[in-house]
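Peer 1: Dropping the structure in here first, questions after.
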Amino acid sequence: MGRIRLAILIFASLGLLSCVSREADAQSSKRFVKPNEEKDDLRSDARLRERRPQPRPRGPEIFYCETPDTSCRTTQDTFRIADLRDLFVFVVWPGVSGQHVQTVEFLLPGGSIYYLKKTRFSIGSASPVAAMGPAFKNEVSPAPPAPHLIADANKVHPEGIPTLLMKSRGDSSVLTVLPVGGTYITQRNLTGTWRVRVFLDDRLAFESDFTLIPRQPAPAVKAEEKAER
């Protein structure tokens, strides 16, 4: 009987040791699985962040006005030639800083260049562009076709426009004026859809269109009355 009891105690001890070992293994496996789960969670969060659309940087914009003030900013791009003295063209440069040269080309409805204007401007610089030395002035390439086509946006202008560099909805904008009334445009009735090409430092930034509506013809009744007289 003593031997039987001893055998029973041995088997019971072995069973207890086996249970303890299994529990330890289970706890150990749990401890090693948890970091992997956390890594999987981090990876899934990173994937979600990658899939979310990121805000795109805004590009340059253009708007046309009949007055030299950025408060007139609308989407209007059609004007009556009889009512238009000057067309004020504002080019907005969000996120642009430093010293640059803007070129605006006005193309006739037939496609040929009617007029171009180069404008120096400086954003976030301590000194206005007008006071820059020859080193900056020589950066204009190619050379303008005529000296009077270059203007300094940061300079105070005596023509009633304080400056060509303004703010529009928090962004810097450069003004270019296209004279209309009393010019070749009205004399030759150059109406239709014009093309505008905008360059920054001689690189094409974008293109846009505006339309000039011709004068309305005189009523036929008045013409007949004149003929009778």
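Values quoted throughout were computed directly from the atomic coordinates according to the rules given, and no laboratory measurement underlies them. As the structure is a prediction and not an experimental result, all values here were calculated from the model. Methodologically, a virtual Cβ is constructed for each residue, glycine included, from the backbone with ideal geometry; neighbour enumeration extends over all protein chains shown.
Peer 1: List, in order, the whole-Hz ³J(HN,Hα) value for each residue of the stretch 162-177 obtained from phi through the Karplus relation with A = 6.51, B = -1.76, C = 1.60 and θ = phi - 60°; use x for Gly and Pro.
Peer 2: Along the stretch 162-177, the couplings run x, 7, 8, 9, 10, 10, 9, 6, x, 10, 6, 9, 10, 9, 10, 9 Hz.
Peer 1: Please give the FRET efficiency for THR74 paired with SER112, using the beta carbon to beta carbon distance and R0 = 25 Å, rounded to the nearest 0.05.
Peer 2: After rounding, the FRET efficiency stands at 0.30.
Peer 1: Within 10 Å of each residue's Cβ, count the other Cβ atoms and sort LEU204, LEU108, LEU175 from fewest upward.
Peer 2: Result, fewest neighbours first: LEU204, LEU108, LEU175.
Peer 1: Expressed as cubic angstrom per residue, what is the convex hull volume of the alpha carbon set of the stretch 65-112?
Peer 2: About 131 Å³ per residue, rounded to a whole number.
Peer 1: Residue-wise, which Karplus ³J(HN,Hα) couplings in Hz belong to the stretch 73-89, taking 6.51 cos²θ - 1.76 cosθ + 1.60, θ = phi - 60°, and x for glycine or proline?
Peer 2: Per residue, the Karplus-derived 3J(HN,Hα) values read 4, 9, 9, 5, 9, 10, 9, 7, 5, 5, 9, 9, 8, 9, 9, 9, 10 Hz.
Peer 1: Could you list VAL177, VAL156, VAL91 in order of exposure, starting from the residue whose Cβ has the fewest other Cβ atoms within 10 Å?
Peer 2: Arranged by neighbour count, lowest to highest, VAL177, VAL156, VAL91 become VAL156, VAL177, VAL91.
Peer 1: Right, something else. Along the Cα→Cβ direction, 7 angstrom out, place labels at ASP201 and THR163. What is the inter-label distance in nm?
Peer 2: 2.2 nm
Peer 1: Measuring from label point to label point, each 7 Å out along Cα→Cβ, what is the ASP83 to THR183 span in nm?
Peer 2: It is 2.0 nm.
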